[in-house]
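Have a look at the structure below before the remarks.
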Amino acid sequence: MNKNIILLFSCILLIFDSTQGQKIEAHQKIHEKNIKIGKTLYQDADEEFKTLVNILVEDLNEKVPEDEFYKTRAFLNVLATKEPSSKYANLFSQYNVSYETYLQNLKKGFTENITQLSDEEEKVFQAFVVEAESFFEKEQKHKPIDSKHLKLDRDQYEILSLRSFYKLKAYTVVAAEYGWLDYAKEDLPYLKSDYDYYLDKMLTTSVLNSNSRTEKKLTKENYRFVKSPVFEGCDPNLANQELEDCTQAKIRAFFNANFDTKQAQEIMDKNNFMFFVHFDIDKNGKINNIQAYTPNKKLDALAKETLAKLPTLKPAKSNGEAVAYNYVLPFGFGNEVNDILAMTNSKLSVPVYPGCYKKLNNDQLRNCMNEKVSAFLNESSLYNEASKVLGQGTYMAYVRTLVTKKGKVKIVKTVSNEPKLIPIVEEVIAGLPKMKPGLQNSKAVGVIYTIPINLKIEDTNSTTLQKAPIFPGCAMDLNNTELYDCMDKKIRNHFRQKMAKSELTDSLVPGNYSTQINFSISEKGKITASDSHGNDEEFNSIVEEVISGLPSIFPAKSINNKAIESQYCMTFSFQK
């Protein structure tokens with residue numbers, strides 16, 4: 001071999017060894033730091049530390065960043081050393097691998113089947129695998145796929161059709177090669193199976209939704225995937241949920257155009273009123289079994305008379321056959337009610353607050369706006385100005401604003417339990433930045449946005465807080481601002497996960513909900529939800545239950561390093 005080539009090869013090896021050595025040394029330093037933190041946490045509060053580790057281990061079931069993986073591994077190492085006969089010793093043995101090996105094991109777990117596919121299902125699945133491989137090779141070399149591009153069919157219970165299940169499964173298998181699994185996050189636990197297994201798991205947590213007048217539970221024997229009816233003007237090739245949204249929007253538009261609002265206002269002696277109507281679309285696409293739910297028989301009759309004029313639709317289908325389909329939809333009259341109903345229209349995109357990514361969906365944009373407005377209020381002069389004219393106590397205000405077609409925020413009305421607070425609040429709210437306006441059918445529209453404010457003015461002699469509380473999963477060495485931001489994100493993620501469970505929200509009627517909640521973190525890290533203020537008492541109770549169910553938190557510390565109680569206030573919104 002040429003001597004120069006040998007020398008070059010040796011140099012490459014030396015550089016490679018040097019780089020690898022530096023990487024190993026860096027990992028060792030991080031590991032030692034995490035071990036030190038883990039030992040301190042275990043010594044200070046072993047049970048709270050175990051709660052934190054349990055949460056971190058649960059997160060490992062989905063892809064986590066490299067630093068979080070190594071932190072969890074180090075914490076497991078601490079517990080395995082302290083309690084060698086506990087479950088943590090086995091967990092440490094399982095995760096005592098490199099990050100690369102962890103990712104490989106994770107990918108293997110997502111792509112291996114735990115049930116056998118039938119020949120027909122295997123054929124459908126493999127066809128989508130070929131499609132997915134082609135898609136990723138040609139379209140998605142440098143960025144992850146967005147789930148909306150798959151146009152998956154889900155029914156009113158959020159259950160995938162058979163073909164959509166195998167399509168998502170195939171794309172997930174191929175995406176795993178790229179390390180892009182986030183878009184399939186909600187369905188990942190079931191994608192290792194066949195459709196029958198998936199259906200069984202989904203139905204164990206599902207019951208017939210409020211659109212049905214029966215109380216029967218869904219089973220594999222009585223369940224069937226149903227494609228939505230099609231109103232004229234809606235594309236029948238849309239994904240099922242988009243088709244459902246289009247049909248519902250067309251039905252509402254028809255109702256609004258034909259409903260005698262003036263007569264309804266005279267009947268109810270109100271300018272604004274919302275009610276619900278149940279009806280069926282039969283196998284021939286005709287409306288029947290109309291039942292209005294209002295407190296007045298005359299209004300019942302008026303609503304039924306309007307919907308009876310509905311034109312014939314293309315009927316719902318299941319396995320290619322026409323089937324009956326039932327609805328329970330909100331209707332109403334008056335500008336305020338129309339604003340609320342417009343927010344549920346899938347064709348309306350909510351305003352975009354500066355810093356929020358405009359391609360997020362409506363729920364994400366609304367959550368982002370709530371977080372940005374809360375941050376704006378926290379950083380404003382509201383507390384200082386209010387404390388100059390108000391004594392110690394809790395004060396509430398609700399500011400109804402309009403984000404105009406030009407994106408400017410206009411105050412419509414403000415109510416408060418303290419009149420002196422109203423001009424202070426309005427002056428602060430007037431400083432909200434210009435936003436990208438809401439869009440309906442691609443046209444800018446005004447959108448109503450209500451901001452709840454709960455202000456707690458403390459005694460000036462209260463204990464000084466030196467270190468903010470530390471939520472499980474937040475790094476110990478963050479400063480107070482970073483700790484508050486981390487805790488806010490963790491709590492909101494906990495809220496979204498809990499609200500995704502149908503049993504919490506089954507009793508809520510379709511609509512938009514918002515509340516502001518006060519809660520305290522005791523000197524022992526326990527959370528107590530004191531009170532909440534929002535537009536619906538039932539939603540307030542749900543939020544209080546969710547917040548009370550948060551895990552123990554490492555408490556705030558005073559200037560003399562003693563654990564102290566701390567008070568917090570957060571705003572949450574939800575759309576059903």
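The values are calculated or read from the model by the stated rules, or taken from the named source; none is laboratory data. Note that the coordinates shown come from a computational prediction; the quantities given were computed from them, not determined experimentally. Here Cβ is always computed from backbone atoms with ideal geometry, including for glycine, and neighbour counts include all displayed protein chains. Just so you know, the surface numbers come from the protein's heavy atoms only, side chains and all, with ligands and any DNA or RNA stripped out. Shrake-Rupley method; radii C 1.70, N 1.55, O 1.52, S 1.80 Å.
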Residue count, region 378-404 (criterion: in a helix (DSSP H, G or I) and open to solvent by less than 50 Å² (accessible area, probe 1.4 Å)): 3
Selection count where residues are among the basic types (Lys, Arg) and closer than 13 Å to residue 469 by Cα, scope region 538-576: 2
Long-range neighbours under 6 Å by Cβ, at least six apart or interchain, first residue at pLDDT 85 or above within region 537-556, second part of a helix (DSSP H, G or I): 542/504; 546/495; 546/498
The one condition in (1) modelled with pLDDT of 75 or more; (2) within 17 Å of residue 473 (Cβ to Cβ); (3) surrounded by 11 or more Cβ atoms within 10 Å (Cβ to Cβ) that residue 97 fails to fulfil: (2)
Residue 55 of a type in the set (A, V, I, L, M, F, W, C), modelled with pLDDT under 80 and closer than 30 Å to residue 563 by Cα: yes
Every pair of residues 6+ apart whose Cβ atoms lie under 9 Å, when the first sits in region 474-489 and is small (Gly, Ala, Ser) while the second is open to solvent by less than 60 Å² (accessible area, probe 1.4 Å): 475/37; 475/71; 475/483; 475/486
